[in-house]
Amino acid sequence: MTLPPEKLTDAYELLAELGARTPPVPVIALTGTGAFDDRVEVARRGGRAFLPKSLSPAELLGTAKQLLSPVIQALGIVGLALALSLGAVNWQFAVAFLLVAYGYGLLLSGVALLLDELTPGRGQGLPDQLLMLGWALLEPLGYRQLTVVWRLRGIVRYLRKQSDWGAMTRTGFTPQPASSVSRTAHVETTLTNRR
C-alpha cells in the first residue's frame, strides 16, 4: 500500500489497526525518508521492521531472515537432534563439525579482541580482555540457544498480542520509613565518630 507524505498519520493509524487484529499482521514499513522519528513511531505502533525505499533485494531478504531467524535456528536444533537420534548424521562428523565451528567462532572473537587492543586509545587492559575471552568461550555453550528460546517466546507473545511487560514494582523513589531513616542516620553518625 502506498500513502503520500500528507497521509503519514493515516499510515500510523493503519499500522496500529493491523497490529490490533487477531492474529496481528506483521508490517515492514518502507519509507523515502528513513528519519529517526519515523522509525520510532513505526516501532511504537507495532511495525516489525523499517526500511528505506532505496533498499536492495538483499536488504529485504536480510530483514526477512532476521525476523524469521529464531524459527529457523530452532528448527535446525530440533532437526539436528532428530537426525542424530535416528542415525541420519554420523556422530563423529557432527562432533568434528561442532569443534571446527566452535574454534572458528573463538578465532573470530580472539581477532576482534586483538584488534580492539591494538586500536590506539581503545585498549581495555589484560584483565578485561581475558574476561571477554572467557565470555567468548562460554557464549556458544548454552547462551546462544537460550536466546533462541527467548526470541521464540517473544514471537509467540507478539502473535498472541501480549505486549505487556508484566507487573513491575518500582521502589527506587519511594520515601523511606522514619525508622529506617533514623537507623541510617545513626550508622552514619557512628561511622563519622570512629574516624
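Each value in this text was obtained by applying a stated rule to the coordinates, not by laboratory testing. Predicted, not measured: the structure shown is a model, and the values here were computed from it. A quick note on method: Cβ atoms are made from the backbone with ideal geometry, for glycine too, and the neighbour counts reach across all protein chains shown.
Overview of results
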| read-out | value |
| --- | --- |
| Protection proxy ranking of 72-80, 89-97 - average other beta-carbon atoms within 10 Å, highest first | 72-80, 89-97 |
| Residue order, fewest to most surrounding Cβ atoms within 10 angstrom, among Tyr12, Tyr104 | Tyr104, Tyr12 |
| Residues Thr169, Thr63, Thr119 arranged by fewest to most Cβ contacts within 10 Å | Thr169, Thr119, Thr63 |
| Order of Val42, Val100 - criterion: other Cβ atoms within 10 Å of each residue's Cβ, fewest first | Val100, Val42 |
